[in-house]
Amino acid sequence: MAESVSTPNRRTLLTGLAATPVVALPAVAGSLAGHSDELGRLIEAHKEARRIWLAALKRADAVVRPEIPSGLGHQLDDPSLTRNIAKAVLRAHYNRERKLVMEFEWWDADLARAAREKLDARELEYLANADRIFDEDDRAHEEERAAHAGETEALLALAAYPVRSLEEARRKAAYLLDEDLQDCLPVRGVAEQLLRSFVSADV
């Protein structure tokens, strides 16, 4: 297991970098006008990836698996139910209802048969509805996982970018230390890449 690193110490170091002159990173001699703003591009790429992820996260949180209607006047509301268990429970409820109908078969066979057919059709309908509910939940969370992976990739690319000047060092640190990004530094590999990008920068 990799040795854990103290994020607060690194955060303190980077906060100082963003706010005060850093003797260890002298400014580049001359102008950077001829260079493309790769740092700006990486920052914008991360902003967009993060926007996409947060939107997907909001959708996934909204699709908290709702109660699953049974079609029999009650709902399955146990949040620990898996798709297969929920459908098995629904089938058990419908089998119980069919047994109750059979008790009246001696009294009116046609009525009992019609009731069974209605139960069969309703069972299929509500089993399909349960699948739809679980499919929607799975889809929302899969989209969130994919968006999170994209945000993490953009974050690591930004963290690894080797700054070329004191000004870039400050821009990079200021962006990553924004309070809206307070969850970024603890992401595995980000703090290490960030510090390495300052230490190994050719400035």
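The values are calculated or read from the model by the stated rules, or taken from the named source; none is laboratory data. Keep in mind the model is a prediction, meaning the values are calculated, not measured. Reconstructed Cβ throughout: ideal geometry from the backbone, glycine too, with neighbour counts over all protein chains shown. Ligands, DNA and RNA are stripped out before the accessible areas are found, and what is left, the full protein with its side chains, is counted by its heavy atoms. Shrake-Rupley method; radii C 1.70, N 1.55, O 1.52, S 1.80 Å.
For the pair Leu127/Glu103, report the inter-label distance in nm, with labels modelled 7 Å from Cα in the Cβ direction.
Label at Leu127, label at Glu103, 2.5 nm between them.
On the protein heavy atoms, probe 1.4 angstrom, tell me the percent of accessible surface of the stretch 120-193 carried by carbon and sulfur.
50 percent
So between Glu117 and Asn95, what do we pick up on full extension, going 0.36 nm a residue minus the alpha carbon distance?
Here the answer is 6.7 nm.
If you average the alpha carbon positions of the stretch 111-145 and of the stretch 178-199, how far apart do those two centres end up, in angstrom?
Centre-to-centre distance over Cα atoms comes out at 45 Å.
Mind checking which lysines have their Cα closer than 16 Å to the Cα of Lys172? Skip sequence neighbours fewer than 8 apart in that chain.
Lys47
Report the calculated FRET efficiency for Glu136 and Arg41 (r = Cβ-Cβ distance, R0 = 30 Å), to the nearest 0.05.
0.25
Please turn the phi angles of the stretch 180-190 into ³J(HN,Hα) values with the Karplus equation 6.51 cos²θ - 1.76 cosθ + 1.60 (θ = phi - 60°), one per residue in order, whole Hz, x for glycine and proline.
6, 10, 5, 8, 7, 4, x, 4, 4, x, 5
Excluding residues fewer than 8 places away in the same chain, name every one of the aspartates and glutamates whose C-alpha is closer than 12 Å to that of Lys58.
Glu143, Glu144
Counting only heavy atoms of the protein chains, get the accessible area per residue of the stretch 108-203 (1.4 Å probe) and round it to a whole Å² value.
That works out to 54 Å² for each residue.
Taking H placed 1.01 Å from N in the peptide plane, check which residues at least 5 places from Leu76 or on another chain put their amide H under 5 Å from its amide H.
Amide H to amide H, under 5 Å and 5 or more residues apart or across chains, Leu76 pairs with Ile68, Ser70.
When we measure straight from the Cα of Lys118, which lysines land under 30 angstrom away, once same-chain ones fewer than 8 places off are left out?
The qualifying lysines are Lys87, Lys99.
At q = 0.16 Å⁻¹, what log₁₀ I(q)/I(0) does the stretch 122-203 have when each alpha carbon counts as one equal point scatterer in the Debye sum?
The computed values of log10 I(q)/I(0) come out as -0.68.
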